[in-house]
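Each remark here refers to the structure printed beneath this line.
The values are calculated or read from the model by the stated rules, or taken from the named source; none is laboratory data. Keep in mind the model is a prediction, meaning the values are calculated, not measured. Virtual Cβ from ideal backbone geometry, glycine too; neighbours counted across all protein chains shown. These area figures cover heavy atoms from the full protein model, side chains too; ligands, DNA and RNA do not enter into them. Shrake-Rupley method; radii C 1.70, N 1.55, O 1.52, S 1.80 Å.
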Amino acid sequence: MATINLVLDSRYRNKDNKCPLIFRMVHNTKPTSFSSGVFIKEEDYNAQDEKRPIRLSNPNAKSLNAELYSLLTEYRARLNALKGRSAKLSAVELKKMMLSEEINNLSDVSFTSYAKKHAEKYQGATRRVYEYTLRLVDEFFGGKTVLFEDITAGVLHSMDDKWSKTMGVSARGINFRNIRTIFNRAIDDELTDCYPFRKFKIKVVHKEKEYLPLEYMQKLQDLKFTKQEKLRELARDMFLLSFYLCGVNVNDIFSWKKEVLKKDRLVFVRKKIAHHEPDPIKLKLQPEAKAIIDKYEGVNYIVNLAETYKTDYETFNGYLKHRIKEIGKRIGYPELSMYYARYSWATYADQLGIDEKVISKSLGHTDQSVAGRHYISYDWKRTDEANRKVIDYVLAH
């Protein structure tokens, strides 16, 4: 890969006895260079710091250093963007191409810019989590534009050491997984071949899977509510609806328009992974799920949550979390949350010996295999059968 650095060329001097600062590029062991347009005294040059190559003895050092490092960062980004086309080019040819105004995709080639665009693909809480990770990275690097090459395994270890002073293992794991996802997406887009996670392992906290034991699921189903407890009843019903639909997220239920229902099937793409453009999920509407949908049927929406509460999902979800906690205490399981609907469905399915691939597809996971992504058309009747087994398993206890 080509490299570029800013160096002082002391072989030449102008009439003021100043030497030019030049950009020196090496490609396939062959050097080439071009001028930065800046001349300084030899004693003002600081070869040890590429961010501040001009010593403060020069009155214009601060502004010149900022400008030169910005250019150096941009040229490195340009070289990275041209990496796939540079192998057969000479150093001079690559230099000409790098300096060409035809390169218009620089906003995509740095980690900083690419990560921001990646975060913008999400909505709500997921987007905010990515944005928080990017703020942490920005603070770690002091606000400079970060290239993919800047984030090495050693840098990740340094981040881990620094962040461990203010956050636990789980929180650090979320941020590192976000960074890893950005690297994986950039590699898929052929923007980089750097992958520091080969030598850096994300620490995890091992804990019991969060699922609702059958006896508590039965208590949840049998709960009775007064007329004054409509929100609690709604929360319980949304939990059960999620469960009866293979653990679908309430965010999806909240957004479903009537056209999602195709005869007896809900055909939709999970909002959480819609930016990956996966194949749609096709869930058969089991009688238990239909009864809840009929109870809360909307005018334009399958379930009337958005129409009745006239708010955004995040606000509605806040109400829901609070009521679910209250219900959990009532049935003697205070740690209950909406996620338990999804985890419980998967756990019961596993206990019934249902194939792991069927469980994964039913939960709406994207298939990572080449065959699964491009060649195999999944038979959703397998999910119909699995879901019916899980629901019957719960109802029988």
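So here's what we get for this one:
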| item | result |
| --- | --- |
| Leu240, sole failed condition from (1) modelled with pLDDT of 95 or more; (2) more than 24 Å from Lys381 (Cα to Cα) | (2) |
| Any chance Arg76 is in a helix (DSSP H, G or I), closer than 23 Å to Pro196 by Cα and open to solvent by 20 Å² or more (accessible area, probe 1.4 Å) | yes |
| Close pairs from region 141-165: first under 13 Å from Ile202 (Cα atoms) and in contact (Cβ under 8 Å) with a residue 12 or more places away in the chain, partner open to solvent by 30 Å² or more (accessible area, probe 1.4 Å) and assigned to a helix (DSSP H, G or I), Cβ under 7 Å, at least 6 apart | Met159/Phe140 |
| Residue satisfying all of: in region 299-313; open to solvent by 70 Å² or more (accessible area, probe 1.4 Å) and not polar (S, T, N, Q); farthest from the chain's Cα centre (by Cα) among these | Val299 |
| Contacts under 7 angstrom Cβ, first residue in region 18-34 being over 15 Å from Leu82 (Cβ atoms), partner of a type in the set (Lys, Arg) and part of a strand (DSSP E or B), 6 or more apart | Pro31/Arg24; Ser33/Arg24 |
| Pairs with Cβ under 8 Å, 6+ apart, first in region 73-100 and over 14 Å from Met1 (Cα atoms) and without any contact (Cβ under 8 Å) to a residue 60 or more places away in the chain, second part of a helix (DSSP H, G or I) and of a type outside the set (A, V, I, L, M) | Met97/Arg85 |
| Residue ID - surrounded by the fewest Cβ atoms within 10 Å (Cβ to Cβ), chosen from residues in region 113-137 that are of a type in the set (Phe, Trp, Tyr) and at pLDDT 90 or above | Tyr132 |
| Members of region 339-367 that are crowded, with 20+ Cβ neighbours inside 10 Å and in contact with a helix residue (DSSP H, G or I) (Cβ under 6 Å, 6 or more places away or on another chain) | Ala341, Trp345, Ala346, Tyr348, Ala349, Ile354, Ile359, Ser362 |
| Test: residue in region 233-245 that is touching a strand residue (DSSP E or B) at 6+ places or on another chain (Cβ under 6 Å) and open to solvent by less than 60 Å² (accessible area, probe 1.4 Å) | yes |
| Residues satisfying the stated conditions in region 208-236, i.e. closer than 19 Å to His322 by Cα and charged (D, E, K, R) | Glu210, Lys219, Lys224, Lys227, Glu229, Lys230, Arg232, Glu233, Arg236 |
| Lys258 being in contact with a helix residue (DSSP H, G or I) (Cβ under 6 Å, 6 or more places away or on another chain), modelled with pLDDT of 90 or more, charged (D, E, K, R) and open to solvent by 50 Å² or more (accessible area, probe 1.4 Å) | no |
| Count of region 111-158 residues which are touching a Phe, Trp or Tyr at 6+ places or on another chain (Cβ under 9 Å), of a type in the set (S, T, N, Q) and not in a loop (DSSP other than H, G, I, E, B) | 3 |
| Selection within region 207-266 - part of a helix (DSSP H, G or I), of a type in the set (Asp, Glu) and either free of Cβ contacts under 8 Å to residues at least 24 places away in the same chain or within 16 Å of Tyr343 (Cα to Cα) (or both) | Glu215, Asp222, Glu229, Glu233, Asp252, Glu259 |
| Residues (within 16 Å of Lys96 (Cα to Cα) and open to solvent by less than 60 Å² (accessible area, probe 1.4 Å)) located in region 1-39 | Ala2, Ile4, Ile22, Phe23, Met25, Val26, His27, Thr32, Ser33, Phe34, Ser36 |
| Residue in region 218-235 that is under 30 Å from the mean Cα position of the chain (by Cα) and not acidic (Asp, Glu) present | yes |
| Residue in region 20-35 that is in a loop (DSSP other than H, G, I, E, B) and polar (S, T, N, Q) present | yes |
| Meets criteria (touching a residue at least 40 places away in the same chain (Cβ under 8 Å), out of contact with any Leu (no Cβ under 6 Å at 6 or more places or on another chain) and polar (S, T, N, Q)) for Thr311 | no |
| Residue list for region 40-50, restricted to those being in a loop (DSSP other than H, G, I, E, B) and either open to solvent by 90 Å² or more (accessible area, probe 1.4 Å) or free of Cβ contacts under 8 Å to residues at least 40 places away in the same chain (or both) | Lys41, Asn46, Gln48, Asp49 |
| So Asp252, is it acidic (Asp, Glu), surrounded by fewer than 20 Cβ atoms within 10 Å (Cβ to Cβ) and either at pLDDT 90 or above or over 25 Å from His397 (Cβ atoms) (or both) | no |
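Conditions tested, residue by residue: (1) among the aromatic types (Phe, Trp, Tyr); (2) at pLDDT 80 or above; (3) open to solvent by 40 Å² or more (accessible area, probe 1.4 Å).
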site	(1), (2), (3)
Ser70	no, yes, yes
Phe111	yes, yes, no
Asp160	no, yes, no
Thr166	no, yes, yes
